[in-house]
Amino acid sequence: MGDVDSTKTRSPIELRITWKGLSSMKHRGKLFAAALVPLALVISGCGANADAADGEESFKFGFIMPDHGSPRYTQFDYPGFETEILRQCPSCEVLFADSNHDPSEQQRQVESMLTQGIDVLVLDPVDSKGAASFVNSADRAGVPVIAYDRTIESDKVSFAVGVNWPEVGKVQAESLVAALEAKDVPKDSDAGIAVIWGDLQSEAGFGMKEGALPVLEASGYPLLGETDTWDGPTVQSFVSSQISRVGADQIVGVFAANDGNAGATIAAFRSSGFDGTLPPITGLDATLAGVQQVIEGNQYMTTYTDPLGEGAIAADVALKLAKGEPIDYPEVDGVPTQLVEPVAVTVDKIQSELIDSGAYTAEDLCSAEKDLVAECEAAGIK
């Protein structure tokens, strides 16, 4: 955990939030309303930093992510948050930490940031239920809390921004089934789909299974063995065991919950000596490695939930809370909430969904170092 150098410069994120009736929202095109009745909420923020020059308001924000296992937090979420904060408030300060998937460590980080005088806490909880005590601590200190990416089981949360996880799973499963059907993969054989859920103790993993399983079961393709984890080595071991049990050719598709799981799946196939065309493999987070696997043809798709935009929304609301200004969002379970809509990104969608939106540049993805120049040209990535 450390203070952020406010002299860093990044391309500004343009925050565009437009209601279309009460049923859809667009943030760079991919947000929707979480409920039908908007809630106007005014929360008094902590006082502005007296050290700000020329009378300019200055606030301190805490941004705590659950772990460093997923690259998206440092690649997208935190930069999206920090950039929008500093764009609107150059003299503001952002404290960042990740909790290494440890609730006790997260508690220490929350307490440390409260002691350092943060005005608003943005928290992606390791434990949604246990984090309620952190919210209580912040509430006693007069610090509003934004639940980020996962819910926190507390009625004292000031705002929530996150992902419709069942919809993510549904999008992934539909994309996988469509790929198999497009290849005319037969459904009346012993060959089937290997399933790698995320950790089912996590909100994301549980929700994705809830959305994906009905689609997979209705597809007609047999489901082979399954596991649930975000841990790459565990995934690789599981896929290797499936290859040994049924044979690589009998795995016609892999539902992998995120890009890390997809990468471990690819590694298992390759380490088994399989040198044929890999089956369609799903993913999530549009990580650099994941998108490059899609370009190379090793991974069929990734799922993008615009974490840059998610971070920017959290920043915009955090500034309003710090200033005591009203926020106007739909209410879900008593909490003003904004949800992000997932998008399936296959190789033909990389340009429109990831390059044109500003998530990546062609140079990021197609560097000569990865030797993907020809593949990018073939995919129309420029």
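Structure notes:
- Paramagnetic reach from Ser189 in the range 248-262 [backbone N under 15 Å; point 7 Å along Cα→Cβ]: 248-254
- In this structure, Glu57 and Glu296 have a Cβ-Cβ separation that, at R0 = 56 Å, corresponds to a calculated FRET efficiency of about 0.70.
- Counted residue by residue at 0.36 nm each, then reduced by the alpha carbon distance between them, the extension gain from Asp328 to Asp348 reaches 3.5 nm.
- Signed unit charges on C-beta, dipole axis of the chain, positive-most listed residue Pro186, Pro103, Phe59: Pro186
- Extending 7 Å from Cα along the Cβ direction at Thr74 and again at Ala182 yields two label points whose distance is 3.4 nm.
- Student exercise, the range 175-220 dipole from Lys, Arg, Asp, Glu Cβ charges, in Debye to nearest 20: 80
- The length gained on full extension between Glu153 and Ser237, counted as 0.36 nm times the residue separation minus their Cα-Cα distance, comes to 26.8 nm.
- Full extension of the chain segment joining Asp67 with Arg245 gains 60.8 nm, where the gain is 0.36 nm per residue of separation less the Cα-Cα distance.
- The Cα-based radius of gyration and maximum Cα-Cα distance (Dmax) for the range 222-291 are 11.1, 32 Å.
- Sorted by Cβ neighbour density within 10 Å, fewest at the top, the residues Lys320, Lys129: Lys129, Lys320
- Net charge of Cβ neighbours under 14 Å - reference Thr234; Lys, Arg +1; Asp, Glu -1: -4
- Near Val94, the amide H atoms lying under 5 Å from its own belong to Val4, Phe61; only residues 5 or more places off or on other chains count, and H is placed 1.01 Å from N.
- Over the range 99-243 - Rg/Rh using Cα atoms and the Kirkwood inverse-distance radius: 1.13
- Computed log₁₀ I(q)/I(0) - Debye formula, equal Cα scatterers, no solvent, the chain, q 0.09 Å⁻¹: -0.53
- The modelled label-to-label distance for the pair Ser137/Thr277, using points 7 Å beyond Cα in the direction of Cβ, is 5.4 nm.
- Net charge over other residues, Cβ less than 15 angstrom from the Cβ of Glu210 (K, R count +1; D, E count -1): -4
- Treating each Cα of the range 306-382 as an identical point scatterer and summing with the Debye formula, the log10 of I(q)/I(0) at q = 0.12, 0.19 Å⁻¹ comes to -0.52, -0.83.
- Start at zero, step by 5 Å, and the Cα-Cα distances of the range 239-375 spread as 2, 9, 17, 17, 14, 12, 10, 8, 5, 4, 2, 1, 0 percent across the bins.
- Put a dot 7 Å past the Cα of Glu369, heading toward its Cβ, do the same for Thr115, and the two dots end up 3.8 nm apart.
Read-outs throughout are calculated quantities, based only on the coordinates presented, and are distinct from any laboratory measurement. Remember, it's a predicted structure, so these values are computed and weren't measured experimentally. A quick note on method: Cβ atoms are made from the backbone with ideal geometry, for glycine too, and the neighbour counts reach across all protein chains shown.
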